[in-house]
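Trainee: Below are the C-alpha cells for one structure; questions will follow.
The values are calculated or read from the model by the stated rules, or taken from the named source; none is laboratory data. The model shown is predicted, which means the values in this text are computed figures rather than measured ones. For neighbour counting, all protein chains shown are included, and Cβ atoms are generated from backbone atoms with ideal geometry for every residue, glycine included.
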Amino acid sequence: MCLALPMRVERLMTDELAVVELDGVRKTISLALVDDVKEGDYVIVHVGYALTRLDPDEAQKTLALFAELALALAPGAPQGLKERGV
Amino acid sequence: MDMPRKRRHAHALDVRHGLIDMNHGSGGRATAQLIEELFVRAFDNECLRRMDDHAHMALPPGKIVIATDGHVISPLFFPGGDIGSLSVHGTINDVAMAGAVPLYLTVGFILEEGFPLSDLKKIVDSMAAAAQAAQVRIVAGDTKVVERGKGDGIFITTTGVGVVDEALNIHADQAHPGDCVLVSGTMGDHGVAIMSLREHLTFDTDLVSDTAALHGLVAHMVRAAPEIHCLRDPTRGGLATTLNEIADLSCVGIRIWESAIPIRSEVKAACELLGLDPMYIANEGKLVAICPRERSQDLLEAMRAHPLGADAAIIGEVVADPHYFVEMETAFGGRRVVDWLMGDPLPRIC
Amino acid sequence: MKFIDEFRDGGLAQKLSRAIFAEVQPGKSYRFMEFCGGHTHAIARYGILDLLPPSVRLIHGPGCPVCVLPIGQIDIAMALAREHGVILCTYADVLRVPASHRESLLKVKASGADVLMVYSILDALQVARENPDREVVFFAIGFETTTPPTAAGIRAAADTGLANFSVFCSHVLTPSAIQSILESPDVRSLGAIDIDGFIGPSHVSIVIGSRPYEFFSEEYEKPVVIAGFEPLDVMQAVLMLVRQVNEGRYEVENEFQRAVTRLGNEKAQGLVAEVFELARAFEWRGLGVVPYSSLRIREHYGRFDAQRRFPLVYRTVADHKGCECGAILRGVKQPKDCRLFGSACVPENPMGSCMVSSEGACAAHYTYGRYRMARSDETSRSAVNS
C-alpha cells in the first residue's frame with residue numbers, strides 16, 4: 001500500500017484540486033484530505049490524493065541525523081553513538 | 001516507358017474526409033487508386049512506379065540480411081512519431097543490428113473498414129519521410145481491408161533487406177567474459193512517452209518518443225570497432241530483457257552499474273509516479289553494444305561523436321556465470337538481480 | 001528528485017551500514033518484520049540485505065493488500081464485470097491475480113468485459129460521468145493509505161449526486177493484521193514470539209499516526225520503528241530497532257518524522273469514519289477470518305455500496321492444498337519451504353497470492369532470493385574448495 005511520492009504543489013485549482021510536479025512530470029491531484037496547502041509546498045501523493053504535507057524542516061533533521069552518524073563513526077569507536085545520545 | 005500516366009479515375013481520393021471501405025481491399029479500381037494516389041505518390045521510386053507485384057534490384061557485395069516486424073501500436077500518433085515512422089525505423093534498426101546497411105523495405109497494410117484516409121495519409125507521409133531521411137527505399141507492398149471491428153484501425157508489417165560486410169560477426173551469442181557493455185543513450189523515453197497518453201493514467205510531460213533510424217550510428221561504430229560482438233536494440237521489454245537475452249544466448253553473466261545507466265530525470269520521475277522500472281521500458285532509438293574491453297574506449301568515443309550517441313555510456317561488463325544472471329550494482333551500494341520481465345509492465349499502487 | 005534522491009544516497013548508506021555492523025551484538029537475535037509493500041520493494045530494489053549483518057533478518061509480513069485479498073472477493077469483481085455488465089474500474093495490481101478456475105480480471109477483460117485500469121478513484125468517477133447509461137463500479141482494495149481516497153471519492157459522488165457509481169469495498173486494517181500474526185499459534189511457538197521488532201509501514205502511518213502501534217509495543221513487548229519508504233529510512237529504522245533490542249526497550253519510535261505525527265492525518269481519519277464502519281469479519285487470504293479487520297460502507301452512503309446495489313454472493317474459495325501462502329504471510333515459513341515454490345508456482349503461473357504480486361514474499365524471493373542462494377552456494381563451495 002505504499003507507492004506514494006513527494007511532489008511539489010505548482011498550482012492550486014478549484015474544487016480542491018492542484019497541479020503537482022516532480023522533475024518536469026505534472027499531474028492533477030486532489031487536496032481533499034489535507035488542509036492549508038500552499039503553492040511551493042511538498043505533498044505526499046498516493047492514488048491521486050495528497051495524504052499529507054511533507055515537513056521540510058523534519059526532512060532536513062532526518063538527513064542531518066544520517067550524516068551525524070557518519071561523523072560519530074570513527075574506525076574502532078562503535079560506542080561513540082551512545083555517548084552522543086543519538 | 002516514361003510517358004506520364006493519364007489519371008484513370010473519375011474523382012481524386014478524398015484524403016480529407018474519405019474513409020477506407022471494403023472496395024479498397026478488393027483488388028479492383030479502388031485498390032489501384034489507393035495505391036497510386038497515396039502509396040506510390042508518397043514512396044515514389046523507380047521500382048514502385050512500375051507497379052509490378054515485385055521489385056528487382058542488384059545488391060552490393062556482402063551477406064544479405066533480412067528482418068521483419070509487425071506493428072500494432074496504439075495510440076497511432078504520439079509525441080515524437082507515429083506508427084508509420086516507428087515501423088520504418090524499427091525494421092531499419094533490426095537490419096542495422098547485424099552491422100548491416102539497410103537498403104530496401106516492403107510494407108504490408110491491413111486496414112480496418114472505416115479508417116480515415118486523412119490518418120492513413122499522415123502515416124504514409126511519415127513513412128516516406130522516414131525512409132527518405134534514412135536513404136532506404138520502399139519497393140514493394142500490399143494492402144488488405146478487414147471488416148469494421150476486426151482490426152485496430154491499421155496494422156503495418158515491414159520487411160527490410162540489407163547487406164553486411166563478410167568480415168563482421170555480430171550476433172547475440174558472441175558476448176565473451178571480459179567484454180564491455182555500452183548503451184547509445186537514455187533509457188525508457190519511448191515507453192514513458194506512450195504511457196503518458198494512456199487513458200486514465202494521464203500525466204503531463206514534455207517527453208517525446210526517441211524513435212530513430214540507427215543505421216548511421218551503427219556504420220560509424222563498426223568503422224571504429226569492427227570487432228563488436230553484439231548489437232541489439234532494447235525495444236519491448238527494455239534494457240533488462242535485451243541483456244537477459246544476450247546473457248542467455250551467449251551463456252554468460254552480465255554485471256551493470258545503476259549509476260552508469262543514462263536516464264532522463266523526467267523518465268525517472270514518471271516511473272516513480274507509476275511504480276515502473278525504467279529497465280523494462282521500451283526504447284525505439286537506442287542500442288546496446290557489447291565489444292572487447294580493449295576496444296571499448298574507441299567505441300564509446302565514436303558513439304559520442306554521432307548525434308544519436310551523444311549520451312552513450314559504458315554501463316557494465318560481461319562475466320563468466322553458470323546461472324547467466326544479469327546483476328546490477330545499485331546506486332545505493334547493494335546488488336540485485338535484473339530478471340526477465342513477467343508480462344506487461346503495469347503501473348502499481350503498492 | 002527532491003526529498004527522494006537525498007534519501008537514497010550511497011555514501012550515507014555505507015556509513016549507516018557500518019553503524020549497524022558495529023552495534024549488533026553476538027548471540028542476539030534481530031528478526032524484524034516489515035509489513036509494507038514499499039519496504040519489501042525497497043529492500044529488494046536497492047539490495048539492502050547486502051548492507052546488513054547476517055544476524056539481522058528481515059521478514060516480509062502481510063503488507064501487500066493484493067496478497068491478502070481472498071479469491072472470493074476477486075470472483076465477485078469478475079462477476080460484476082462479466083455477469084452484471086458494469087464497467088469495473090480497478091488498480092492495476094489486482095489485474096493478474098488468479099482467482100477461481102484460473103481466471104483473472106485480465107482474462108475477463110480479454111474475453112470482452114469492461115475492465116478498466118485506473119490510477120485513482122477520481123478516474124473512476126470521471127468514467128461514471130462520461131457513461132451515464134452504464135453502471136460503474138470501483139474495486140477498492142488496500143490498507144489505511146488507500147481508504148481515505150476511497151472515502152473522499154464516495155463523498156464527492158454523493159455531493160454531485162452521481163447516480164451510476166458504486167464501490168466494491170475490500171479495505172482492510174493494518175493493526176488487525178499485526179494482531180492476528182502475533183496471536184497465531186505458530187508464531188507464539190513455545191510461548192515466545194519469534195519476531196524481535198517491527199518496521200512500521202510508511203504511508204499507512206501517515207494516515208493513522210504512530211499512536212495505534214503503542215498498544216502492540218506495550219502488550220507484546222516488541223519495539224516498533226515507523227520508517228519512511230526510501231532505503232536510508234529503512235536502514236535507519238533497522239539501526240533504531242537494533243538499539244532497542246540491545247537496550248531491552250520496546251517503544252514506538254518514528255523515523256519518518258517528515259510525514260508521520262503521533263495522531264496522523266485527522267482530517268482523513270474523519271472522512272473515513274464518516275463513510276465507513278467496521279465490518280464484523282473478513283476472510284484474509286492466508287490468515288483466515290479476522291474479526292473487525294475490514295471496513296464496509298455505512299448505511300447513509302448505501303447507494304454507493306456495490307454489495308447493496310447488486311446481488312452478490314461471497315463464496316469462500318480455498319487455496320491450493322500445497323500452498324503455503326498463509327504460513328509465509330505470517331512469517332513462520334519461507335518460500336523455499338513450500339513444495340509448490342519454483343515448480344508448479346512461478347511468477348508466470350502463480351498458484352497463490354504471494355507469487356502474484358511483485359511485493360509478495362515468494363515473487364520477491366523468486367526474483368531476488370534464488371539469485372542470493374545461487375551466490376551463497378558458490379561462496380560456500382569456493383570456501384570448501386580453497
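Trainee: Output the residues belonging to the range B:325-342 that are in a loop (DSSP other than H, G, I, E, B), of a type in the set (A, V, I, L, M), within 22 Å of B:C251 (Cβ to Cβ) and at pLDDT 85 or above. So that I can check it myself, show each step before the final result.
Mentor: Taking the range B:325-342 and keeping what is in a loop (DSSP other than H, G, I, E, B), we get B:325, B:330-334, B:338-342.
Still in the list and also of a type in the set (A, V, I, L, M): B:331, B:338, B:341-342.
The next check asks that each one be within 22 Å of B:C251 (Cβ to Cβ); those that pass are B:338, B:341.
The answer is B:V338, and nothing else.
Trainee: Looking for something farther than 27 Å from C:S376 by Cα and not basic (K, R) - is there at least one such residue anywhere in the range B:318-331?
Mentor: Residues of the range B:318-331 farther than 27 Å from C:S376 by Cα: none.
For the range B:318-331, residues farther than 27 Å from C:S376 by Cα and not basic (K, R): absent.
Trainee: (1) in contact (Cβ under 8 Å) with a residue 60 or more places away in the chain; (2) outside any loop (DSSP other than H, G, I, E, B); (3) more than 29 Å from B:A193 (Cβ to Cβ): which one isn't true of B:D321, the others all being true?
Mentor: Against the list (1) in contact (Cβ under 8 Å) with a residue 60 or more places away in the chain; (2) outside any loop (DSSP other than H, G, I, E, B); (3) more than 29 Å from B:A193 (Cβ to Cβ), B:D321 comes up short only on (2).
Here is a yes/no grid of residues against (1) in contact (Cβ under 8 Å) with a residue 24 or more places away in the chain; (2) assigned by TED's automatic domain parsing to the domain that holds B:D298; (3) crowded, with 23+ Cβ neighbours inside 10 Å; (4) closer than 29 Å to B:S85 by Cβ:
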| position | (1), (2), (3), (4) |
| --- | --- |
| B:A213 | yes, yes, yes, yes |
| B:G237 | yes, yes, no, yes |
| B:N244 | yes, yes, no, yes |
| B:D248 | yes, yes, no, no |
| B:C251 | yes, yes, no, no |
| B:P262 | yes, yes, no, yes |
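Trainee: Going through B:V139, B:V107 one at a time, which residue ends up being touching a Cys at 6+ places or on another chain (Cβ under 8 Å) and among the β-branched types (V, I, T)?
Mentor: Working: B:V107 fails: touching a Cys at 6+ places or on another chain (Cβ under 8 Å).
Unique residue meeting the criteria: B:V139.
Trainee: A further question follows. Filter the range A:1-24 down to residues that are at the interface with chain C (Cβ under 10 Å from one of its Cβ atoms) and either touching a residue at least 24 places away in the same chain (Cβ under 8 Å) or closer than 22 Å to B:K268 by Cβ (or both), then give me how many there are. Walk me through it before giving the result.
Mentor: First pass over the range A:1-24, keeping only residues at the interface with chain C (Cβ under 10 Å from one of its Cβ atoms): A:1-8, A:15-17, A:22-23.
Filter again for either touching a residue at least 24 places away in the same chain (Cβ under 8 Å) or closer than 22 Å to B:K268 by Cβ (or both), leaving A:2-8, A:22-23.
Number satisfying all stated conditions: 9.
Trainee: Please count how many residues of the range C:10-37 are in contact (Cβ under 8 Å) with a residue 12 or more places away in the chain and at the interface with chain A (Cβ under 8 Å from one of its Cβ atoms).
Mentor: Count: 6.
Trainee: Shifting gears a bit: Mind listing just one residue for me: the one in the range C:129-171 that is β-branched (V, I, T) and outside any helix (DSSP H, G or I) and, of those, nearest to C:P65 (Cα to Cα)?
Mentor: Filtering the range C:129-171 down to residues β-branched (V, I, T) leaves C:136-137, C:141, C:145-147, C:150, C:154, C:160, C:167.
Then drop every residue that is not outside any helix (DSSP H, G or I), which leaves C:136-137, C:141, C:145-146, C:160, C:167.
Values: C:V136: 22, C:V137: 19, C:I141: 7, C:T145: 11, C:T146: 10, C:T160: 30, C:V167: 17 Å.
The residue in question is C:I141.
Trainee: Kindly check whether there is at least one residue in the range C:64-84 that is farther than 30 Å from C:E135 by Cβ, among the aliphatic types (A, V, I, L, M) and assigned to a helix (DSSP H, G or I). Walk me through it before giving the result.
Mentor: The initial filter retains those residues of the range C:64-84 that are farther than 30 Å from C:E135 by Cβ, namely none.
No, the conditions are met nowhere in the range C:64-84.
Trainee: Here is a list: C:S120, C:S111. Which entry is under 22 Å from the mean Cα position of the chain (by Cα) and free of Cβ contacts under 8 Å to residues at least 40 places away in the same chain?
Mentor: Numbers: C:S111 fails: under 22 Å from the mean Cα position of the chain (by Cα).
On inspection, the qualifying residue turns out to be C:S120.
Trainee: Do we have C:G38 as on the phi > 0 side of the Ramachandran plot, touching a helix residue (DSSP H, G or I) at 6+ places or on another chain (Cβ under 9 Å) and not hydrophobic (A, V, I, L, M, F, W, C) here?
Mentor: Spelling it out, it is not the case that C:G38 is on the phi > 0 side of the Ramachandran plot, touching a helix residue (DSSP H, G or I) at 6+ places or on another chain (Cβ under 9 Å) and not hydrophobic (A, V, I, L, M, F, W, C).
Trainee: Does the range C:356-373 hold any residues that are at pLDDT 80 or above and facing another protein chain (nearest Cβ under 10 Å), and which are they?
Mentor: Within the range C:356-373, C:A363, C:Y366 meet the criteria.
Trainee: Of these, C:V97, C:V167, which one is touching a residue at least 40 places away in the same chain (Cβ under 8 Å), more than 9 Å from every other protein chain (Cβ to nearest Cβ) and under 23 Å from C:M355 (Cα atoms)?
Mentor: Details: C:V167 fails: under 23 Å from C:M355 (Cα atoms).
Just one listed residue meets the conditions, C:V97.
Trainee: Could I ask something else about it? Restricting the search to the range C:325-374, which residues are of a type in the set (S, T, N, Q) and assigned to a helix (DSSP H, G or I)?
Mentor: Keep residues of the range C:325-374 that are of a type in the set (S, T, N, Q), which gives C:334, C:343, C:349, C:353, C:357-358, C:367.
C:S353, C:T367 - these are the residues of the range C:325-374 that are of a type in the set (S, T, N, Q) and assigned to a helix (DSSP H, G or I).
Trainee: Please specify each residue of the range B:122-148 satisfying the condition of being assigned to a helix (DSSP H, G or I) and either free of Cβ contacts under 8 Å to residues at least 40 places away in the same chain or more than 21 Å from the chain's Cα centre (by Cα) (or both).
Mentor: Initial filter on the range B:122-148 (assigned to a helix (DSSP H, G or I)): B:122-134.
Passing the criteria: only B:Q132.
Trainee: Run down C:G331, C:G360 and say which single residue is within 18 Å of the chain's Cα centre (by Cα) and at positive phi.
Mentor: On the way: C:G360 fails: at positive phi.
On inspection, the qualifying residue turns out to be C:G331.
Trainee: Still on this structure: Considering each of C:E83, C:E34, C:E23, C:E103 in turn, give the residue that is charged (D, E, K, R), within 27 Å of B:D277 (Cβ to Cβ) and assigned by TED's automatic domain parsing to the domain that holds C:G197. Break it down stepwise before answering.
Mentor: On the way: C:E83 fails: within 27 Å of B:D277 (Cβ to Cβ); C:E23 fails: within 27 Å of B:D277 (Cβ to Cβ); C:E103 fails: within 27 Å of B:D277 (Cβ to Cβ).
When all the criteria are applied, what remains is C:E34.
Trainee: Let me ask you something else. Can you work out which of the residues in the range B:274-287 that are surrounded by fewer than 24 Cβ atoms within 10 Å (Cβ to Cβ) and aliphatic (A, V, I, L, M) is farthest from the other protein chains (Cβ to nearest Cβ)?
Mentor: So the residue we want is B:L276.
Trainee: Residue by residue through the range C:303-324, note down the ones that are of a type in the set (D, E), in a loop (DSSP other than H, G, I, E, B) and more than 28 Å from C:D196 (Cβ to Cβ). Steps first, please.
Mentor: Kept after step one, since they are of a type in the set (D, E), are these residues of the range C:303-324: C:305, C:319, C:324.
From what is left, the residues that are in a loop (DSSP other than H, G, I, E, B) are C:319, C:324.
Selection gives C:D319 alone.
Trainee: Next question, about the same structure. Pick out, from the range C:209-302, the helices (runs of 4 or more DSSP H) lying fully within it that include 3 or more residues that are surrounded by 18 or more Cβ atoms within 10 Å (Cβ to Cβ) and within 14 Å of another protein chain (Cβ to nearest Cβ). Before the answer, list the steps.
Mentor: On the way: elements: C:214-220, C:231-247, C:266-275.
The helices (runs of 4 or more DSSP H) meeting that bar are C:231-247, C:266-275.
Trainee: Please tell me if B:G151 is at positive phi and assigned to a loop (DSSP other than H, G, I, E, B).
Mentor: Working: at positive phi: no; assigned to a loop (DSSP other than H, G, I, E, B): yes.
No.
Trainee: Let me ask something else about it. Looking at B:R295, B:R255, which is the one that is in contact (Cβ under 8 Å) with a residue 60 or more places away in the chain, basic (K, R) and either at positive phi or in a helix (DSSP H, G or I) (or both)? Give the steps one after another, and end with the answer.
Mentor: Details: B:R255 fails: either at positive phi or in a helix (DSSP H, G or I) (or both).
Only one candidate qualifies: B:R295.
Trainee: Applying the selection to the range C:122-141, what residues are crowded, with 24+ Cβ neighbours inside 10 Å and within 13 Å of chain B (Cβ to nearest Cβ)? Steps first, please.
Mentor: First, pick out the residues of the range C:122-141 that are crowded, with 24+ Cβ neighbours inside 10 Å: C:124, C:136-141.
C:A124, C:V136, C:F138, C:F139, C:A140, C:I141, listed by residue number.
Trainee: Looking for something closer than 23 Å to B:L76 by Cα, modelled with pLDDT of 95 or more and surrounded by 24 or more Cβ atoms within 10 Å (Cβ to Cβ) - is there at least one such residue anywhere in the range B:177-187?
Mentor: Scanning the range B:177-187 turns up at least one residue that is closer than 23 Å to B:L76 by Cα, modelled with pLDDT of 95 or more and surrounded by 24 or more Cβ atoms within 10 Å (Cβ to Cβ).
Trainee: Still on this structure: Could you tell me which residue of the range A:3-47 is modelled with the lowest pLDDT, considering only residues that are of a type in the set (G, A, S) and surrounded by fewer than 21 Cβ atoms within 10 Å (Cβ to Cβ)? Show your work before the answer.
Mentor: Within the range A:3-47, the subset of a type in the set (G, A, S) is A:4, A:18, A:24, A:30, A:32, A:40.
From what's left, surrounded by fewer than 21 Cβ atoms within 10 Å (Cβ to Cβ): A:24, A:40.
Working: A:G24: 91, A:G40: 96.
It comes out as A:G24.
Trainee: Against the conditions (1) farther than 21 Å from C:I59 by Cα; (2) at pLDDT below 95, where does C:R188 fall short? Just the number, please.
Mentor: For C:R188, the failing item is (1).
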